[in-house]
Each structure stands twice: as structure tokens, then as C-alpha cells.
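Accompanying notes for the structure given below.
No value in this document is a laboratory result; all are computed from the given coordinates. These numbers were taken from a predicted model, which means no experiment stands behind them. Using ideal geometry, Cβ is built from the backbone for each residue, glycine included, and neighbour counts are taken over all protein chains shown.
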Amino acid sequence: MSINVSFTLNGEAVSAHVASRTLLVEMIRERFGRTGTHVGCDTSQCGACVIHVDGRSVKSCTMLAAQADGTEIVTIEGVAKNGQLHPMQEAFREHHGLQCGFCTPGMIMSALDLVKQNPDPSEKQIREWLEGNLCRCTGYHNIVRAIKAGADSMRVG
Amino acid sequence: MTENGFGAAVRRKEDHRFITGRGQFVDDINRPHQLYAQIIRSPIAHGKINKVDVDAANAMSGVVAVFTGADMAADGVGGLPCGWGITSKDGSPMVEPGHPPLAAECVRYVGDQIAVVLAETLAIARDAAELVDVDYAELPSVANLESASADGAPLVWDDAKGNICFDWEIGDKSATDAAFASADQVVSIDIVNNRLIANAMEPRAAIGDYDAGKDEYTLYTTSQNPHVIRMLMGAFVLSIPEHKLRVISPDVGGGFGSKICHYAEEAIVTWASRKVNRPVKWTADRSESFISDAHGRDHVSHAELAMSKDGDFLGLRVSTRANLGAYLSTFGPAVPTILYATLLAGSYKTPAIHAEVKAMFTHTVPVDSYRGAGRPEASYLLERLVDKAAKQTGIDPIELRRRNFIQPEDFPYQTPVALEYDTGDYDAAMVKAIELADYANFDKRHEESAARGKLRGVGISTYIEACGIAPSNVAGALGARAGLYEVGTVRVNPTGSITVLTGSHSHGQGHETTFAQLVVEALGVDFDNVDIVHGDTGKVPFGMGTYGSRSAAVGGVALMNALEKIRTKAKKIAAHLLEASEDDIEFKDGQLSVAGTDRSVAFGDVAMAAYVPHNYPLETLEPGLEETAFYDPKNFTFPAGCHICEVEVDPDTGVVEVVRFTAGDDFGRIINPMIVDGQVHGGVTQGIGQALYEQCVYDDSGQLLTGSMMDYCLPKADNVPNFAVTTNVTPCTHNVLGVKGCGEAGAIGSPAAVINAILNALSDYNIDNLQMPATPERVWQAMQGNG
């Protein structure tokens, strides 16, 4: 069965007919070509697919496209504004918070939601928040530093 | 130090595309009119295929084709080759079974490929795959080393009696026996090196794209070494000559060894693309990765160390059984032999060593390289044994190591197990680690933990590794079936910008930055005017790829040699432009000057002259400014170091927390310390994962019980501490960069430090041994006397 799904994607109104079983991540990647959101597992463990739906971080592999009808979605491609990197993106670069880059979009999207809820997270709070985001390259050390620094500059900024 | 040159913590060029979501991984690529492939895999560990009924799948709307092993065999498709041959101690070659990309007669592990469905959408391909009806006659199986070794065990291959692929040895057995006969004391240990699954965050993917107009193939694949895949698949599997086959590995989301191997899916999509004359895309889901990516480690060993009464090491005897899985993966046989037993000297002056390795087939996923590949197994065995020796002799573990270290004046040092170490200062690295770890105040922290009801322990591990995997002549003598050099091309563009083509492949290591730093250092050009191209056989002349911490030590040196050729030619051009002798030209900071004068020409103008040769020494020099170097080193490199771990054990639950971790490493000279530190953090975390969390488990019938990220425990952010890392530099003596390699050290040195720390924390419990992973249950049982 095909259904029509409409939402706002990084500020742009989009709409498509998709099979009813289509996952949100598939719609974003395959129909709208926003391939920065990645699929790293099939059990909601890895967090490479984290996006924002109505301002909250969500694993887009675990949500049907149909459930996103009428929502406002932001993916990693929508984080930088007018060619200017977001402070959290800058922090990941400055603190070497990424190596292969595959988990990075999910990490950044997850970190942004953390800072929204807790503008000055401690290292322990950051590590606990990242329960749902796996990285196999960095050992998390520099991701944690990057998120702390990103949160700091967001408070200042 | 030049800004952005050698030694600078330059922020990475590649980061911008990843933090903005513009990376391009294989699954991000879609080809016009592509089909989607779904592989049908064996659900049983061992069975005869009676019949594969594809009619229902073929009849489904949207299905374009279903192919089986018989179809590939009818086309003359060859088997997946093994890149390394090992000879048993009796002189016989290893048993080397055929490995068809799609099994036609028999399946030998859960996940073995049987058929492929091609359809217009992935959803249709998946639905149709459910309709492929395979009739198996299930056969008895062996799922682990123990059952494979049992008398009368079912055979994985009829010609591998006792399931033994090879029975190999290294070292002088009689000298080692003599050392034991004269020893005052002997310590022995039984070690299980747990089977692991690499779990790079990006699942494997492959797209085959056949161009009928040109009769050319393109394969996009998640590989650490696209030229190697072109060679193996082109020459051995599909019989496609190199000039008709292009292999592209774009951004690759981590490899850790699991993306070295040539996999069946690469051959299947490439072959199928021609059959249906459309691009064919396959992407593994994570469950599929667990049963099809090569697994790692899986050794069972017994080791004995002979010592004098003063604790001098006299002899080492090791007997290892290694699990190779059901088929020989690309470098599978090299891992438990050449990459393992040659490292058993460690950093010690043990005069006599003998090791024997029995490699065995089981009905499990093929086993191949995983970060460190053989070297973590050697280091773990040795460092656990040395710690046990310290406990048995009552000698402090640091003192016992120091007493037996190869000393700086001993280099070059020939070990009893084939390798010749060029340089090192093991005590200096250990001292640095001890200081950074604040080892002197451990007792205070121990008391503080005790006050909170926790048992605190400290563990040490001093590892060595052989990196810069190359010397082709040495590797060839040890069984490698290919050369292991590297290739670098420097293309100076007419306006003076630089394009580097390298045979190394970056999948997280940051070559686009570190290699650009080498160019900045050599030519004085602006960092932003340098681009590094890798991962495309259509662009890069040749290469052997990235594994074994070889990129800087082999690929980086190849690049330096090409840069030196550029410098030489640029000087010749400048001499002409400046009407001076070539010998008088100095090349510094991007300027070529006549020594002792104020006459100079900028490098960019030399580049322009090379491509617009209006005023150019055409009679003596070709136009253009592009040079290539192949580099084959004389020796491996030998990074070494000391890892110190502190843990707290909860005596009520057996939960272990790593509370401090310190690494003091010697990687030779360091191009970018920020990137090197990151490599150590990641490697150590994988080592902590092996020590505490990760374990690939099969049940007795060969079903993988840890088949998802819900069951296989990867370290998470709150499982590891911040790391303290430092380096001590002894430059490699046989490459111009003085570099050694840093990618695997963390995973090699850390597991023994963690387990030694736990045993130290539990020293009141009289626990003789503790195997990895040290799960809460295992630790708690050991504390109850049930180890």
C-alpha cells in the first residue's frame, strides 16, 4: 500500500508517495537524497541515523515514514546555516571528535539534543547520554571533549 | 616546524564533509537503473544442498533474476583466493579448499552464500528471497576449536584430517628444550584469546556496474585496499583484466581489518551486473555483517616460560590452536603464524623460543585480520605470562620486565623468531607511562577505593608490534603470494597546486591531512593547495592499501620518495630559469634560489614553466612535473610501548570499571600528534572491549548467538575513561620519515594491562587465571573460587 507523507525537511516542505512500510531513514536517504543520515545497524543500537523530529533526537531507522507526516525534521545537512558551521560541528572538527565519519552525523544530532536539555553537561552526563550512539574509531574520548566544548560555545554564543 | 608541516596537530581536511553530512560512502551511491541484491544465506552450519528452488522468487513481480552457485559455476567463475600460503612442519602445504562465491553443493557455516535475488527495489528483493526454497540435508558440525579437535569430529573438509589446515612451527625446538632443562623455575599459563567481530560502524556494501558499450566493469566497494580487490577478483574469480576493471572505495566507515578481505558479495554484484546488464547494489544490514564479515582472534594456547633463579628469561615454549573458520579468508593463514608467532619475543631478550601453531577449520565464519591481527594475541599471551612470572617469583612486575628488556645498545636485535628489531628504548617508554600514570601514588588511590568498598588494581603491559607490513622479499619468503610495497604519485598542476595519488586508503586514519603535511614540508606549498586522492584504481596507479599500520611507514615514504623526485626536477627547471648551475639551487619554503644570491623563483613559477615550456630546457628535460615512486622497505617497523590500567572491581557484583588508563608509546617520529592520539584512544577502547565486553559466541550447533548489537557487547561511551597518552620517540632507522605506525598499538597493548589489573585487584582471592572477556559473572565466579 502506498501512502503520501509530507513534512518539513531542513526548512523545506517536502512530500512523497511511499510504501506504507517505508522507514523514515529510507525516505530521507532514498527519496530526498539526504545521505548524511546513516544506517549502521538494524536493532536501534548504533545511533548513526539520529535526526531531529519536532526538535527531539530520534533514531530514524526505528520510525515509520508515515509517523513523520506533518512533523518538522532536521538532519545533519540542516545544521549549518548560510554556509556557517554550527558551533557543535566546529567543536567536533577542532577536537578531532571523528575519524571515519560514519557515526558523526548521529553523534552531532544527539549532542545537540543533549545540550538543548542540559546546556552545561558534565563529562559523566555526556557519556551517559551517548548510551545510544556507538563509535568504533575514537574511543569516545575526543567526542566527549568535543561535545563539552560545543556546549560551552553554544552557551557563550 | 613548518606551520601545517611535519609534527603539527593540523585539523583534518576531511572533517568538513563528514560533519556536514556530505561524506560519500558506498551505500550513499546510486547508479541509474540499478537493481538491488539480496543474498540468500545458509541458516545451518553444515549441510548438503539437495535443491535450490527459485521458481516462486523468479515469478514475483519486480524480480529480474535469481542466480545460484550453479549459474556462477556454469560461467566458469573461480573461487575466492587465499593470499598467503603456509607450509606445515612436515613440509606439506596447507589444506586449501575451494571457496566459490555462491556455494553450490555444500554449506559450511551459518551465513554461507547460496543464491542472490536481483529486484527493482530492496523490499521486493527481500520478499523474494523469502520464497527461495533450499532443501538441505543437514550434517553434523563443529562450532569451536574444542569440538573440531575431538576424536572422530565431523570434518569441515574431507582432505583436512582432524580438521587441521596446517601444523606449523617456528624457532629452535632443541635449544628451547635445553633452556627448560637448565631452568631454575618455570611458569605456565593457559590462554583463550576470545573470538571478536570487528563491527566497523559502516556495514559492508558493493555496487557492480557493467558498461556493455566499453565492456568495462566498475565495482564500488567498502574496501581498505581497492587495488588488491581488483587483483584478486579480476585475476582469480572473474577473469577480468585490470584495464577493464575499476574498483572504487570512496569514504569507508572504518575497517579494522575486516575490510581487507576479498568478499563473495564483491564478485557476485560485479558478475551479476553483466548478466543482467544493469548496475547491482548490495548493502549488508548489521545482522548480515555479523554472519559474513570476517571474524578475528579465536586462539587457545598453552605457554611456558623458563627462568633462572633471578628471573632472567631463558626460554619460551608456546603451543597454539587457531580457528580459521570454514574457509580460508584472504590473509587468514598469515594471522596466527607470521603476524603472531614472530612477535613472541616481545620486548625481551629471551634467547630460545619455540612455538607451534595448529590452524583448524570449523563450521564458522572465516577468520581473518582484526586490529592488530596476531600481534594482540602474542602480546596478550606474553604479558599475562610475564605478570604471572612476577607473581610466582615475587619480583615486582616492572622490575622483572626491566631486567629482561632488550636494551638500547642491543639494536639491531635479532630475535629467535625471525624478526630483526631496528631500534627502541623500552624502558624509556615505560618510565614515561609510569610517571604519567602517577604509579607512585597508586597505594593512596587503592585505599581511597577500599574506603568506598571497591577493590582497586593496577596492571601493566609492555608490548611490541611489527608494522609497516611489507618487505616483499621477507613476506614472500614467509608465504605471501603478492608484493607488499606502496605507491605514491605527486602531480604538480600548472598553477602549482598539488594532487597526490596514493595507494594507501584512508577509512578514518586521516591521510588527507597527514599526507598533505608531508607535501607542505617538502615543497613549501600552502596546505589548502594540496589534495590527496585515494581509493580508486582508475585514478591511482597502483597500491596495496591500508592495514598493519602501514600507511605512514610504507605509503608515506613512497610519497616522500616521489616528492624528492619532484624537488630534483624542480631544481633542474629552476637552474635553467635562473641561468645557474643545478648544484647551486636551494629549495626552501617554496622558493628555489641560487645559493649566496638574491636570485630566486617561486615553486609555482617552476610548475608553470614545466607546463608552458616557452622557456624550458627541452633538450635535457621533459616538460611536466609529475613523479611516481614505488617503495618497498627493507624491514618492518617496530612500535613498542607500555600500557598501564587501573580498575575498580565491585566485590558484590564482579563488575569491573576501568578508572584510569595510560599509554606510553614509541611510534617513531610523529607527523600529526592529534591524529596519533586519536588512533591510540580508539585502539585502547577496542582492547578494553576485548578484555571486558566482547565475545563472539556460537552454540554447539553452529548458530551465532551474538548475532546483533543487542547480543554482542561493544564498548559504549560510559564504559571507558578518559585516556592519558604520551610518546617516547626513537626514530625508525630504515625509512626517511623515521615513522613506525600507530594504528593498532592500542588494541595490542591494552588487553593484558586490563586483565593484569583485575588480577592485581583480586590478589587476596588467590585467582590463578582469568579469561577474557572478564564479564561480571566470570569475575564474580572467580572470586567464589569457580575460575
For segment A:87-156, the spread of Cα positions along each principal axis, largest first, Å: 29, 23, 17
Label-point separation, A:S153 to B:D310 (7 Å along Cα→Cβ), nm: 5.8
Residues listed by number, segment B:599-634, amide nitrogen under 17 Å from B:E564 label point at 7 Å toward C-beta: B:627-634
Order of B:H681, A:H86, B:H363 under a 10 Å beta carbon neighbour criterion, fewest first: A:H86, B:H681, B:H363
Shielding by other protein chains, B:197-210, mean Cβ within 10 Å: 3
Range in chain B, longest, excluding exposed trypsin sites (Lys or Arg not before Pro) [loop by DSSP; at most 11 other beta-carbon atoms within 10 Å]: B:453-787
Neighbour count of at most 14 Cβ within 10 Å plus DSSP loop: longest GluC sites (Glu not before Pro)-free window in chain B: B:106-578
Simple Cβ-charge dipole of chain A, Lys/Arg +1 and Asp/Glu -1, about Cα centre, in debye nearest 20: 220
Spatially proximal lysines relative to B:K214 (Cα-Cα < 21 Å; intrachain offsets below 8 disregarded): B:K244, B:K275, B:K281, B:K539
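Only helical DSSP H runs with n ≥ 4 go in: add -39500 (n - 2.57) per run for chain B, normalise by residue count and round the 222 nm mean residue ellipticity to 500 deg cm²/dmol. Don't jump to the answer; show the numbers that get you there.
Values: 20 runs with 203 residues, N = 787.
The per-residue figure over chain B is -7500 deg cm²/dmol.
What FRET efficiency would be calculated for the residue pair B:R599, A:D113, taking the C-beta separation as r and a Förster radius of 45 Å, to the nearest 0.05?
Values: r = 61 Å, r/R0 = 1.36.
It comes out at approximately 0.15.
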Ranked list, fewest to most other Cβ atoms within 10 Å of each Cβ, for B:H99, B:H302: B:H302, B:H99
Neighbouring partner chain Cβ atoms per residue of B:697-709, average, 10 Å criterion: 1
Computed magnitude of the charge dipole of segment A:87-156 (debye, nearest 20; Cβ of K, R +1, Cβ of D, E -1): 100
Listed residues A:H17, A:N4, A:V39: farthest to the positive end of the dipole of segment A:2-78 (Cβ charges): A:V39
Positive-end residue, the protein assembly as shown charge dipole about Cα centroid, Cβ charges, pick of B:Q784, B:S506, B:A724: B:S506
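Any idea what the dipole of chain B comes to, in debye rounded to 20, about its Cα centre with Lys/Arg Cβ at +1 and Asp/Glu Cβ at -1? Before the final figure, lay out the partial values.
Numbers: 63 positive and 102 negative charges, 84 e Å.
That gives chain B a dipole magnitude of about 400 debye.
Report the relative contact order of segment A:87-156, percent, no decimals, based on alpha-carbon pairs under 8 angstrom and at least 6 residues apart.
Details: 80 pairs, mean separation 38.1, N = 70.
About 54 percent, as a whole number.
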Selection from B:F67, B:G483, B:L35, by position along the positive dipole direction of the protein assembly as shown (Cβ): B:L35
Cβ-Cβ FRET estimate between A:K81 and B:A73, R0 fixed at 60 Å, reported to 0.05: 0.60
Karplus (6.51, -1.76, 1.60) ³J(HN,Hα), θ = phi - 60°, over segment B:286-299, in Hz, Gly and Pro reported as x: 5, 4, 5, 4, 4, 9, 9, 6, 4, 8, x, 6, 6, 10
Pairwise FRET efficiency - B:K634 versus A:A16, Cβ, R0 = 41 Å, nearest 0.05: 0.10
Relative contact order %, segment A:2-78, counting alpha carbon pairs below 8 Å whose residues are six or more apart: 40
Average Cα contact separation per residue, chain B, under 8 Å, 6 or more apart, as relative contact order %: 15
Residues B:D605, B:D764, B:D75 arranged by fewest to most Cβ contacts within 10 Å: B:D764, B:D75, B:D605
